[in-house]
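Below: the structure, in structure tokens.
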Amino acid sequence: MSRPRPSAEMQVILDRLAAEDAGLPDPTLLPADKGRAQAAAGNLRWNADLPELALARDVSVSGPDGEIACRILMPQGAARGTILFIHGGGWAFCSMATHERCARVLAQEAEATVVLCDYRLAPECPYPAGLEDCRAVWKALAAGQGPFAELSGPFALSGDSAGANLALALMLEDAPRPDCGLLFYGVYGADFETPSYIDCADGPGLSRDKMRRYWDWYTPESTRRDPLVAPLAAEDAALASLPPLYLNAAEIDPLRSDSERMYHRLSALGRRDRFRLHGGVVHGFMQMTIALEEARKALADAGAAFRDLTATPTQTRT
């Protein structure tokens, strides 16, 4: 099987990144704080010309280790529900700021309020710190507590990459059940010999070695059979009980097989979840809405899935 090739539009962006980032080190080989700063600076280019919304408000909720910063993004017009979107970045990099444009476009396309949060990051705060923070935000949101009192359902949990991992972990817990999940090119296991880890071992962008380092920062090998760490390790009964899901994957991505394997497991259980493989694009492509049509299409698909999957909401506040 031949290796997947970037689309023409994706290749233009990859060439641009190669020129703009020439000489920069691999951020996962730097001390975490320096790698984090480099990743934040690199993401600035994708967060220009932010779409106008009805409201963008910074708030906070109480977490297990202090206040957790959150951002509420309300679309123009009446919101059809609320989405907690958990940012990716290998559990170690990125923030609300790096993912704001993506989240704003999701708010527009879903016609829903999107909530972002800054959770504690590895390696300084490894598993379960980040998950604990996301859990605190999700419980406050689902219960309509504090700054979320005026937000209404139906409710969704969403995230990209490591954020999709955290969102799915919350759905596997005994926590408030969302009406649906929107999971974008997630990391669901630590098997580095999958077809996509082999096909895309050297990138472009995310590589197998980078993912190994992210995993090492996040949690030791001894915990990687815990379903809250690696959701592909979950029992069939736990997967069968999940809310309806929309999953997508990027073709040129070491994590592609994670999403494919998750979707196949769900389908084998008789579920009718939705899955979309985006051809010719790399991991993280949904960040690139300012320059990449496939990113805009992916968020339009996700927004349509949210509206469709929540047409008959099942989640109520207690």
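Quick notes on this one:
- If the condition is being touching a residue at least 24 places away in the same chain (Cβ under 8 Å), of a type in the set (A, V, I, L, M, F, W, C) and part of a helix (DSSP H, G or I), then segment 216-257 contributes Trp217, Leu232, Ala233, Ala238, Leu239, Ala240.
- Restricted to strands (runs of 3 or more DSSP E) entirely inside segment 1-99, those with at least 2 residues that are surrounded by fewer than 20 Cβ atoms within 10 Å (Cβ to Cβ) and small (Gly, Ala, Ser) are 55-63, 66-74.
- Qualifying residue in segment 225-246 (condition: surrounded by 18 or more Cβ atoms within 10 Å (Cβ to Cβ), β-branched (Val, Ile, Thr) and at pLDDT 95 or above): yes
- Failed condition for Leu121, given (1) surrounded by fewer than 24 Cβ atoms within 10 Å (Cβ to Cβ); (2) part of a loop (DSSP other than H, G, I, E, B): (1)
- Taken over segment 171-205, the residue count meeting the criterion of being among the β-branched types (Val, Ile, Thr) and over 12 Å from Pro254 (Cα atoms) is 0.
- Which numbered condition Lys34 misses (of (1) in contact (Cβ under 8 Å) with a residue 60 or more places away in the chain; (2) farther than 26 Å from Arg296 by Cβ): (1)
- Test: residue in segment 208-215 that is buried (at least 17 other Cβ atoms within 10 Å of the Cβ), touching a residue at least 24 places away in the same chain (Cβ under 8 Å) and part of a loop (DSSP other than H, G, I, E, B): no
- Scanning segment 180-207 for residues that are touching a Phe, Trp or Tyr at 6+ places or on another chain (Cβ under 6 Å) and either surrounded by 24 or more Cβ atoms within 10 Å (Cβ to Cβ) or at positive phi (or both) returns a single hit, Leu182.
Conditions tested, residue by residue: (1) assigned to a helix (DSSP H, G or I); (2) without any contact (Cβ under 8 Å) to a residue 40 or more places away in the chain; (3) in contact with a His (Cβ under 9 Å, 6 or more places away or on another chain); (4) surrounded by fewer than 24 Cβ atoms within 10 Å (Cβ to Cβ).
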{"site": "Lys139", "(1), (2), (3), (4)": "yes, yes, no, yes"}
{"site": "Glu150", "(1), (2), (3), (4)": "no, yes, no, yes"}
{"site": "Gly153", "(1), (2), (3), (4)": "no, no, no, yes"}
{"site": "Gly159", "(1), (2), (3), (4)": "no, no, yes, no"}
{"site": "Ala164", "(1), (2), (3), (4)": "yes, no, no, no"}
{"site": "Ala169", "(1), (2), (3), (4)": "yes, no, no, no"}
{"site": "Asp174", "(1), (2), (3), (4)": "no, yes, no, yes"}
{"site": "Pro178", "(1), (2), (3), (4)": "no, no, no, no"}
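- Within segment 189-200, being assigned to a loop (DSSP other than H, G, I, E, B) and within 18 Å of His278 (Cα to Cα) holds for one residue alone: Cys200.
- If you go through segment 180-209 and keep only what is over 22 Å from Tyr246 (Cβ atoms), in contact with a Gly (Cβ under 8 Å, 6 or more places away or on another chain) and aliphatic (A, V, I, L, M), you end up with nothing.
- The residue of segment 247-282 that is farthest from Ser7 (Cα to Cα), among those that are acidic (Asp, Glu) and more than 15 Å from the chain's Cα centre (by Cα), is Asp273.
- Contacts under 9 angstrom Cβ, first residue in segment 1-30 being within 17 Å of Ser207 (Cβ to Cβ) and at pLDDT below 95, partner surrounded by 16 or more Cβ atoms within 10 Å (Cβ to Cβ) and of a type in the set (A, V, I, L, M, F, W, C), 6 or more apart: Arg3/Cys200; Arg3/Ile252; Pro4/Cys200; Pro4/Ile252
- Count - residues of segment 1-46 that are in contact with a Ser or Thr (Cβ under 9 Å, 6 or more places away or on another chain) and charged (D, E, K, R): 2
- Flag for Ala39 being in contact with a Cys (Cβ under 7 Å, 6 or more places away or on another chain) and under 27 Å from Val114 (Cα atoms): yes
The values are calculated or read from the model by the stated rules, or taken from the named source; none is laboratory data. Not measured: the values here are computed from a predicted model. Methodologically, a virtual Cβ is constructed for each residue, glycine included, from the backbone with ideal geometry; neighbour enumeration extends over all protein chains shown.
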